[in-house]
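Inspection log for the structure reproduced underneath, given as structure tokens.
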Amino acid sequence: MSNVAENGPNAPLDGGRSQSLMLRGWHLIVDGLAALGTGLICVLMIIICADIVARNAMGASLPLVSELGALLLVMIVCLQLASTVRADRLARTEIFYVGFRRRHPTSGALLSAIFNLVGAAVIGGIAYASIRILQKDWTAGEYIGVTGIATLPTWPFRALILLGMTVAALEFIIRALGDLLIAFRPRNTQ
């Protein structure tokens, strides 16, 4: 049975030996981005609550709330995507996948590798497309809000979206490599 099937998706890919320093560093980056996303959820909740209080007290919404909320929501998803991939929590048909992987570890690992490679291609494509958006926002000085009241540049948000998507694509690649190692490792012939 595969190491992933025995010990879960976060099991070391090296057969139970301690993880390498580089892999631990990578996990720290992925977890750090997820923690930043969690902190931004708190910020978003505070902004929404402040807007509700302002609407009830003053009869008007706070500036930037809708635009900032939209950008924060996308950024939160992007920052936490790599952690979701690493925890093997993406939506898929578990009815087939788990049983198939348990009964056929090699074929299941190959199927998982294909899934992860397609995920890397799709998320990598989104990251690549985000580069142009970031460049445009940077060079044109794009901002959200109303001039003279409250404005924020959009490029920091776009940069974090690009970072989150890039890290998620790399996490998909790492997962695919782990699955390929499982699929093609030598079997004991006892």
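Nothing in this text is a laboratory measurement; each read-out follows from the coordinates by a stated rule. Everything quoted here is computed from the prediction, not taken from an experiment. Cβ: placed from backbone, ideal geometry, glycine included. Neighbour counts: every protein chain shown.
Mind listing just one residue for me: the one in region 55-72 that is hydrophobic (A, V, I, L, M, F, W, C) and exposed (fewer than 13 other Cβ atoms within 10 Å of the Cβ) and, of those, nearest to the chain's Cα centre (by Cα)? It would help to see each step written out before you state the result.
Of region 55-72, the ones hydrophobic (A, V, I, L, M, F, W, C) are 57-58, 60, 62, 64-65, 68, 70-72.
Filter again for exposed (fewer than 13 other Cβ atoms within 10 Å of the Cβ), leaving 57-58, 60, 70.
Working: Ala57: 38, Met58: 38, Ala60: 35, Ala70: 17 Å.
Checked region 55-72; the qualifying residue nearest to the chain's Cα centre (by Cα) is Ala70.
If you go through region 60-74 one residue at a time, do you hit one that is in contact (Cβ under 8 Å) with a residue 60 or more places away in the chain and either closer than 18 Å to Ala169 by Cβ or in contact with a Lys or Arg (Cβ under 8 Å, 6 or more places away or on another chain) (or both)?
So in region 60-74, the residues in contact (Cβ under 8 Å) with a residue 60 or more places away in the chain come out as 63-64, 67-68, 71-72, 74.
Imposing the further condition that a residue be either closer than 18 Å to Ala169 by Cβ or in contact with a Lys or Arg (Cβ under 8 Å, 6 or more places away or on another chain) (or both) reduces the set to 74.
Checking region 60-74: at least one residue is in contact (Cβ under 8 Å) with a residue 60 or more places away in the chain and either closer than 18 Å to Ala169 by Cβ or in contact with a Lys or Arg (Cβ under 8 Å, 6 or more places away or on another chain) (or both).
If you check Ala129, Ala183, Ala159, Ala150, which single one turns out to be surrounded by fewer than 20 Cβ atoms within 10 Å (Cβ to Cβ), among the hydrophobic types (A, V, I, L, M, F, W, C) and free of Cβ contacts under 8 Å to residues at least 24 places away in the same chain?
On the way: Ala183 fails: free of Cβ contacts under 8 Å to residues at least 24 places away in the same chain; Ala159 fails: free of Cβ contacts under 8 Å to residues at least 24 places away in the same chain; Ala150 fails: free of Cβ contacts under 8 Å to residues at least 24 places away in the same chain.
So the residue among Ala129, Ala183, Ala159, Ala150 that is surrounded by fewer than 20 Cβ atoms within 10 Å (Cβ to Cβ), among the hydrophobic types (A, V, I, L, M, F, W, C) and free of Cβ contacts under 8 Å to residues at least 24 places away in the same chain is Ala129.
Looking only at residues in region 59-83 that are outside any helix (DSSP H, G or I) and in contact with a strand residue (DSSP E or B) (Cβ under 8 Å, 6 or more places away or on another chain), which one is nearest to Gly37 (Cα to Cα)?
The initial filter retains those residues of region 59-83 that are outside any helix (DSSP H, G or I), namely 59-64.
Remaining after also requiring in contact with a strand residue (DSSP E or B) (Cβ under 8 Å, 6 or more places away or on another chain): 63-64.
Working: Pro63: 23, Leu64: 20 Å.
Among those residues, the one meeting the criterion is Leu64.
May I ask you to list the residues in region 17-54 that are of a type in the set (D, E, K, R) and surrounded by 12 or more Cβ atoms within 10 Å (Cβ to Cβ)? Let's see the steps before the verdict.
Step one: filter region 17-54 for residues of a type in the set (D, E, K, R), giving 17, 24, 31, 51.
Of everything in region 17-54, those that are of a type in the set (D, E, K, R) and surrounded by 12 or more Cβ atoms within 10 Å (Cβ to Cβ) turn out to be Asp31, Asp51.
Taking only region 86-97 into account, find how many residues are in a helix (DSSP H, G or I) and in contact with a Gly (Cβ under 9 Å, 6 or more places away or on another chain).
In the first step, residues of region 86-97 are kept if they are in a helix (DSSP H, G or I); the result is 86, 94-97.
Imposing the further condition that a residue be in contact with a Gly (Cβ under 9 Å, 6 or more places away or on another chain) reduces the set to 97.
Number of matching residues: 1.
Given the conditions (1) out of contact with any Gly (no Cβ under 9 Å at 6 or more places or on another chain); (2) of a type in the set (Ser, Thr, Tyr); (3) within 19 Å of Ile174 (Cα to Cα), and given that Ser83 satisfies all but one, which numbered condition is not satisfied?
Just one mismatch for Ser83, condition (1).
Restricting attention to region 132-147, and to residues there that are outside any strand (DSSP E or B) and without any contact (Cβ under 8 Å) to a residue 12 or more places away in the chain, which single residue is nearest to Leu68 (Cα to Cα)?
The first filter runs over region 132-147 and keeps only residues outside any strand (DSSP E or B), leaving 132-142, 147.
Keeping just the survivors that are without any contact (Cβ under 8 Å) to a residue 12 or more places away in the chain gives 132, 135-136, 139-140, 147.
Details: Arg132: 21, Gln135: 20, Lys136: 19, Thr139: 20, Ala140: 19, Thr147: 15 Å.
Selected residue: Thr147.
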